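Undergrad: One structure, pasted below without further comment.
The values are calculated or read from the model by the stated rules, or taken from the named source; none is laboratory data. All values derive from a computational prediction rather than experimental measurement. Backbone-built Cβ (ideal geometry, glycine too); neighbour counts: all protein chains shown.
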Amino acid sequence: MAPGLTIVMLSLMLGLQPATTDLYLPALPALTEGFGGSMPQAQLTLTALMLAFGLSQLIWGPLSDRFGRRPVLLVGLSAYVLASIGSTLSPTIELLIVWRTLQGAAMGAAVMCARAIVRDLYTPAQGARMMSKALSGLGLIACLSPPLGGLLSDLFSWRIALLALAILGAVSLGLVALRFTETLPQKNLQALQGATLARTWLAILRHPTFVAFSALSTASYGGLFTFLASGSFVFIQVLGLSKTHYGLLMFSMAFTYMLGTFLCRRLLARFDVRQTVAIAAVLSLSGGTLMGVLALSGWRSSWAIMPPFYLFMLGHGIHQPCSQSAAIGPFPQSAGAASALNGFLMMTVAFLIGSWLGTHMDGSVYPLVYGIWFWSAVVALAAWTLVPRQGRRGAH
């Protein structure tokens, strides 16, 4: 495949995740009211999706190492389209949760394969730059998803917003079916054997490079997911913004993330991966701390939340391509399994965050603000301690 085509495909595969979470967020309060659902049920439409997304990767990863990336992508994307249609037609919030869970499981195939494909084709250092390009494409999809979701919800209904996901999935499926060439250099015929799989997972989890960079990617995603899971309620119900206005805020957040991926490539041209994430951690911690201090001072406004969060998202745009590619770097023969475990850890934390927010949203901005402040501190701790000590092999 030509490099440009590879970037487009990776962007679509990775972009399914922000599209699936962000596109319906502006409609989440209206969806909850329309079904007569509770706050925990509303959060479950997101957290159940993320948990299934994380768990499914533990299955998709070894399957892709055994049979190749292409068949896993075809099956996963087909299931994603089906689940998206089911979500659109759901008559109850309970059934919506079921379809969203299946949607998350199917989405795991695409995102896991995308990270594994980068390792199939590139060294860890090259992979960080390639991943940053693919995540720029993800950033573009993330930019468009919230305002599109808000607009579709305002003009039509939340069901039309969910239907848009079926269309995106169908486009991705068609492109993979017609243009994707298998990237796995050699299939691992023992990848699905129980003893082999257990040894592989244990070796990955014990590898210091995987631990260091997975801690970084998980903490950075924890801050983003705190914003995603609570933002629509805080900005729409607490601060009184319209769904369209909230969608524009989400656009600006995603655009900042995309700028972070561009900055990532500039930094990687001058520094190695470990130095790059150490610099980015300054942005992450500064944004989280400023947001927390403004909240403690009593300033309740989107202006007290968004500018600090832009700093955090600049750092996030650097941390994710570097940490995701570096965590998988030491495992060229089991990139699918390593990608799956990295994704599983991130989504497990996301599920725990969503579950906590479902019971702690109190009509204030504090659960959102303090959550992001906490994760920004964990990001800095990982970038400044774990990565310098244990991340050497993932940086080359």
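Undergrad: Condition first: surrounded by fewer than 22 Cβ atoms within 10 Å (Cβ to Cβ), of a type outside the set (G, A, S) and part of a loop (DSSP other than H, G, I, E, B). Now tell me which residues in the stretch 332-369 satisfy that.
TA: M361, D362
Undergrad: When the residues of the stretch 131-164 are filtered to those that are under 30 Å from T32 (Cβ atoms) and of a type in the set (D, E, K, R), which remaining residue is modelled with the lowest pLDDT?
TA: By that ranking, first place goes to D154.
Undergrad: Look through the stretch 139-156, keep the residues that are touching a Ser or Thr at 6+ places or on another chain (Cβ under 9 Å) and surrounded by fewer than 21 Cβ atoms within 10 Å (Cβ to Cβ), and return whichever of them is farthest from L31 (Cα to Cα).
TA: Looking at residues that are touching a Ser or Thr at 6+ places or on another chain (Cβ under 9 Å) and surrounded by fewer than 21 Cβ atoms within 10 Å (Cβ to Cβ), I get L140.
Undergrad: Go over the candidates M313, M361 one by one and state the one that is under 26 Å from Q43 (Cβ atoms) and over 17 Å from the mean Cα position of the chain (by Cα).
TA: On inspection, the qualifying residue turns out to be M361.
Undergrad: R100 passes all but one of (1) crowded, with 24+ Cβ neighbours inside 10 Å; (2) charged (D, E, K, R); (3) at pLDDT below 90; which number fails?
TA: Condition not satisfied by R100: (3).
Undergrad: Which members of the stretch 276-320 meet the condition of being part of a helix (DSSP H, G or I) and among the aromatic types (F, W, Y)?
TA: The answer is W303, F309, Y310, F312.
Undergrad: Run down A114, A110, A128 and say which single residue is within 19 Å of the chain's Cα centre (by Cα), under 21 Å from G4 (Cβ atoms), buried (at least 24 other Cβ atoms within 10 Å of the Cβ) and modelled with pLDDT under 90.
TA: Criteria check complete, one pass: A128.
Undergrad: Please tell me if R159 is farther than 14 Å from L16 by Cα, surrounded by fewer than 20 Cβ atoms within 10 Å (Cβ to Cβ) and in contact with a Pro (Cβ under 9 Å, 6 or more places away or on another chain).
TA: Criteria not met by R159.
Undergrad: Among the listed residues I328, I318, I305, I279, identify the single one that is modelled with pLDDT under 90, in contact with a helix residue (DSSP H, G or I) (Cβ under 9 Å, 6 or more places away or on another chain) and not polar (S, T, N, Q).
TA: I328
Undergrad: Looking at L224, L259, which one is surrounded by fewer than 17 Cβ atoms within 10 Å (Cβ to Cβ), within 20 Å of M291 (Cβ to Cβ) and not acidic (D, E)?
TA: Values: L224 fails: surrounded by fewer than 17 Cβ atoms within 10 Å (Cβ to Cβ).
Unique residue meeting the criteria: L259.
Undergrad: Next up: On the basis of being buried (at least 24 other Cβ atoms within 10 Å of the Cβ) and at pLDDT below 90, does S376 make the cut?
TA: no
Undergrad: Determine whether I372 is over 28 Å from A105 (Cα atoms) and out of contact with any Lys or Arg (no Cβ under 9 Å at 6 or more places or on another chain).
TA: Against the criterion (over 28 Å from A105 (Cα atoms) and out of contact with any Lys or Arg (no Cβ under 9 Å at 6 or more places or on another chain)), I372 does not qualify.
Undergrad: Conditions: (1) surrounded by fewer than 22 Cβ atoms within 10 Å (Cβ to Cβ); (2) at pLDDT 80 or above. T45 meets all but one. Number of the miss?
TA: T45 satisfies all of (1) surrounded by fewer than 22 Cβ atoms within 10 Å (Cβ to Cβ); (2) at pLDDT 80 or above except (1).
For (1) of a type outside the set (G, A, S); (2) touching a residue at least 60 places away in the same chain (Cβ under 8 Å), each residue gets a yes or a no:
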residue: A327; (1), (2): no, yes
residue: A335; (1), (2): no, yes
residue: S339; (1), (2): no, yes
residue: N342; (1), (2): yes, yes
residue: M346; (1), (2): yes, yes
residue: L357; (1), (2): yes, yes
residue: H360; (1), (2): yes, no
residue: V365; (1), (2): yes, yes
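Residue by residue, here is whether (1) over 18 Å from F67 (Cβ atoms); (2) touching a residue at least 40 places away in the same chain (Cβ under 8 Å); (3) under 24 Å from the mean Cα position of the chain (by Cα) holds:
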position	(1), (2), (3)
G169	yes, yes, yes
G174	yes, no, yes
P185	no, yes, no
L192	no, yes, no
P208	yes, yes, yes
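Undergrad: Also, quick follow-up: In the stretch 283-293, what residues are over 15 Å from H316 (Cβ atoms), in contact (Cβ under 8 Å) with a residue 60 or more places away in the chain and of a type outside the set (S, T, Y)?
TA: Within the stretch 283-293, just G292 meets the criteria.
Undergrad: Oh, and also: Hey, does the stretch 284-295 have a residue that's of a type outside the set (G, A, S), out of contact with any Phe, Trp or Tyr (no Cβ under 9 Å at 6 or more places or on another chain) and surrounded by 24 or more Cβ atoms within 10 Å (Cβ to Cβ)?
TA: no
Undergrad: Something else about it: Under the condition of being among the aromatic types (F, W, Y) and touching a helix residue (DSSP H, G or I) at 6+ places or on another chain (Cβ under 8 Å), which residue from the stretch 55-84 is surrounded by the most Cβ atoms within 10 Å (Cβ to Cβ)?
TA: W60
Undergrad: Regarding the stretch 197-209, can at least one residue be identified that is within 30 Å of S242 (Cα to Cα) and part of a helix (DSSP H, G or I)?
TA: no
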